[in-house]
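For reference, the structure is listed below as structure tokens.
The values are calculated or read from the model by the stated rules, or taken from the named source; none is laboratory data. Note that the structure is predicted; figures quoted are calculated from it, not measured. Note that each Cβ is placed from the backbone with ideal geometry, even for glycine, and that neighbours are counted across all protein chains shown. Each accessible area value is taken on the protein alone, full model and side chains, heavy atoms only, with ligands, DNA and RNA left out. Shrake-Rupley method; radii C 1.70, N 1.55, O 1.52, S 1.80 Å.
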Amino acid sequence: LKNIPENIMVAGKFEDRINVRLKGRQNILRDIAPGQLSVSLDLTNVRAGQKYYTLDNSNINVPPATKIDVIRIEPKKIKIDIVRSLKKDIKVQIDIKGRPAAGYKVKDVSINPAQLTVEGAEDEVEALLLLEGPAIDVTGRKRIFSKEIKIDTPLHNVRISGERVVVVDVEIGKL
């Protein structure tokens, strides 16, 4: 897919494997690896919605100067769901579990960065209120410690932009 407009994205799954039958000289066809063939679809000026595209020979990229003809494309028609995209900063939350050693308590928890930038399908990003990482266990702890946590999004069409790791500092002190 090329020339996808800003603030637009492809949502969900679409046909990403296309079978093509080629015609040409046997010695040339024999030396072509599947990775040398590709399908391109120009999405210039596309708007949000479910779109159907009919593929033809102009969408199939074959190695240049090989004199190869595309004689069949399967599937010939593909469906792509186009949605508006959005970028937004979302607060990160890390829960604490367990109890520190006897006579100690959790005094403070700080997360750096406290929020991460996500981008993805507009309706999913709008509905996302928190990014949660796995809980940190403080069982038996007596002093301050730090832990790096990798954050993921729970949504298929939303991804974190940039760094996905936060540093959590947990301060433990005497009661």
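Restricting to the range 117-175, name every residue that is on the phi > 0 side of the Ramachandran plot and in contact with a Gly (Cβ under 9 Å, 6 or more places away or on another chain). Passing the criteria: only GLY140.
Across the range 10-21, the qualifying residues are those that are in a strand (DSSP E or B) and open to solvent by 40 Å² or more (accessible area, probe 1.4 Å), and the one among them that is farthest from LYS76 (Cα to Cα) is ARG21.
Considering every residue within the range 119-132, establish whether at least one is more than 30 Å from TYR52 (Cβ to Cβ) and free of Cβ contacts under 8 Å to residues at least 24 places away in the same chain. Explain how you work it out, then say what you get.
Going residue by residue through the range 119-132, those that are more than 30 Å from TYR52 (Cβ to Cβ) are 129-132.
Right, trim to free of Cβ contacts under 8 Å to residues at least 24 places away in the same chain and you get none.
No: the range 119-132 contains no residue that is more than 30 Å from TYR52 (Cβ to Cβ) and free of Cβ contacts under 8 Å to residues at least 24 places away in the same chain.
Of the numbered criteria (1) farther than 24 Å from VAL165 by Cβ; (2) loosely packed, with under 14 Cβ neighbours inside 10 Å, the one ASP108 fails is (1).
Which of the residues that make up the range 124-158 are closer than 30 Å to ILE8 by Cβ and loosely packed, with under 14 Cβ neighbours inside 10 Å? Passing the criteria: GLU126, ALA127, LEU129, LEU130, LYS150, ASP152, PRO154, HIS156. The set of residues from the range 50-101 being buried (at least 16 other Cβ atoms within 10 Å of the Cβ), more than 30 Å from ALA114 (Cβ to Cβ) and in contact with a helix residue (DSSP H, G or I) (Cβ under 9 Å, 6 or more places away or on another chain) comprises TYR53, VAL62, ILE68, VAL70, ILE73. Of the listed requirements (1) touching a Lys or Arg at 6+ places or on another chain (Cβ under 6 Å); (2) of a type in the set (Val, Ile, Thr); (3) over 30 Å from LEU22 (Cβ atoms), ILE80 misses just one: (3).
Is it fair to say ASP42 is touching a strand residue (DSSP E or B) at 6+ places or on another chain (Cβ under 6 Å) and of a type in the set (Asp, Glu)?
Criteria met by ASP42.
Beta carbons closer than 9 Å, at least 6 apart along the sequence or on distinct chains, pair a first residue in the range 1-12 that is over 12 Å from LEU86 (Cβ atoms) with a second that is assigned to a strand (DSSP E or B) and open to solvent by 70 Å² or more (accessible area, probe 1.4 Å) for LEU1/ASP42; LYS2/ASP42; ASN3/ASP42.
Scan the range 22-49 for residues that are assigned to a loop (DSSP other than H, G, I, E, B) and surrounded by 15 or more Cβ atoms within 10 Å (Cβ to Cβ) and the total you get is 7. I'd like to check something: does the range 139-152 contain any residue that is touching a residue at least 60 places away in the same chain (Cβ under 8 Å) and either touching a strand residue (DSSP E or B) at 6+ places or on another chain (Cβ under 8 Å) or hydrophobic (A, V, I, L, M, F, W, C) (or both)? There is no residue in the range 139-152 that is touching a residue at least 60 places away in the same chain (Cβ under 8 Å) and either touching a strand residue (DSSP E or B) at 6+ places or on another chain (Cβ under 8 Å) or hydrophobic (A, V, I, L, M, F, W, C) (or both).
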